[in-house]
Amino acid sequence: MAELFGVSRIPVRESLKTLIGEGLVDHRPNLGYTVAQLTAAELREMYIVREVLETAALPVAVDLATGTDRAHLIEINRQLEASLAQDDSREYHRLSREFHLSLTRPSRMHRLLHMLESAWNITEPVQPMVHVAGSDRASLHSDHADMLAAFLDGDSAGLLAAAQHHHTRLNSVISTLSNDHGLFADPPSE
């Protein structure tokens, strides 16, 4: 890595230590570094963490959102619709993350937002939206439309209700993911 990027080994080692600390990389002595894999249970747990953090930020975000924030969400939703119509699951996955983070960024709760983004990063190697059925993505996107409408109306209670419905559906969809494609690490033996 150091040669590839033209740097000394020290920043590479420090970067790897940081990634290990964030749960994104695993290190096995004498074997090297690999992208960390979650178990199915850990993925479900991280979705609960994301839900709790997002729910805490949403009412504040609605109150503090600017016209620019609202316009950005409308544009991201438009792009989500296009990726759904094109059945581009990878782009849908990427844009879904941007949609959720854009709903919360106006809260300006920087520490909470950092934790939320870290939780997203931990789930990123799985890329769940790539592995769910197109019909599930469509249902989840209809929830996004409800969330967006409440956000644009400044309706905190409506947004929280729509977000709760979305997270319930999302958690249900996530629980159906199989390990057929090696998505998950094996659970630890007891």
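The table below lists the values:
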| read-out | value |
| --- | --- |
| Contacts under 6 angstrom Cβ, first residue in the stretch 103-123 being open to solvent by less than 100 Å² (accessible area, probe 1.4 Å), partner basic (Lys, Arg), 6 or more apart | ALA119/ARG50; TRP120/ARG97 |
| Close pairs (6 angstrom Cβ cut-off, 6 or more residues apart or separate chains): without any contact (Cβ under 8 Å) to a residue 60 or more places away in the chain in the stretch 130-143, of a type in the set (D, E, K, R) anywhere | VAL130/ARG90; GLY134/ASP87 |
| Members of the stretch 1-38 that are in contact (Cβ under 8 Å) with a residue 40 or more places away in the chain, exposed (fewer than 15 other Cβ atoms within 10 Å of the Cβ) and part of a loop (DSSP other than H, G, I, E, B) | GLU22 |
| Of all residues making up the stretch 23-41, the number that are closer than 24 Å to HIS167 by Cβ and at pLDDT below 85 | 7 |
| Residue satisfying all of: in the stretch 154-182; among the polar types (S, T, N, Q) and modelled with pLDDT of 90 or more; surrounded by the most Cβ atoms within 10 Å (Cβ to Cβ) among these | SER156 |
| Residue in the stretch 61-78 that is within 21 Å of LEU116 (Cβ to Cβ), out of contact with any Ser or Thr (no Cβ under 9 Å at 6 or more places or on another chain), open to solvent by less than 60 Å² (accessible area, probe 1.4 Å) and in a helix (DSSP H, G or I) present | yes |
| Among (1) open to solvent by 70 Å² or more (accessible area, probe 1.4 Å); (2) on the phi < 0 side of the Ramachandran plot; (3) assigned to a loop (DSSP other than H, G, I, E, B), the one test that ASP87 misses | (2) |
| Of the criteria (1) open to solvent by 60 Å² or more (accessible area, probe 1.4 Å); (2) assigned to a loop (DSSP other than H, G, I, E, B); (3) not hydroxyl-bearing (Ser, Thr, Tyr), which one ALA185 fails | (1) |
| Residue that is farthest from PRO106 (Cα to Cα) [pool: residues in the stretch 39-60 that are among the hydrophobic types (A, V, I, L, M, F, W, C) and crowded, with 19+ Cβ neighbours inside 10 Å] | LEU43 |
| Residue count for the stretch 43-60, restricted to those that are hydroxyl-bearing (Ser, Thr, Tyr) and either farther than 17 Å from PHE151 by Cβ or outside any helix (DSSP H, G or I) (or both) | 1 |
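Residues checked against (1) at pLDDT 95 or above; (2) more than 30 Å from GLY21 (Cβ to Cβ); (3) among the β-branched types (Val, Ile, Thr):
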residue: ALA71; (1), (2), (3): yes, yes, no
residue: GLN79; (1), (2), (3): yes, yes, no
residue: SER107; (1), (2), (3): yes, no, no
residue: LEU113; (1), (2), (3): yes, no, no
residue: SER118; (1), (2), (3): no, no, no
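The values are calculated or read from the model by the stated rules, or taken from the named source; none is laboratory data. Keep in mind it's a predicted model, so treat the numbers as computed, not measured. Here the Cβ is made from the backbone with ideal geometry for all residues, glycine too, and neighbour counts use every protein chain on show. Note: accessible area is taken over every heavy atom of the protein model, side chains too, but ligands, DNA and RNA are not part of it. Shrake-Rupley method; radii C 1.70, N 1.55, O 1.52, S 1.80 Å.
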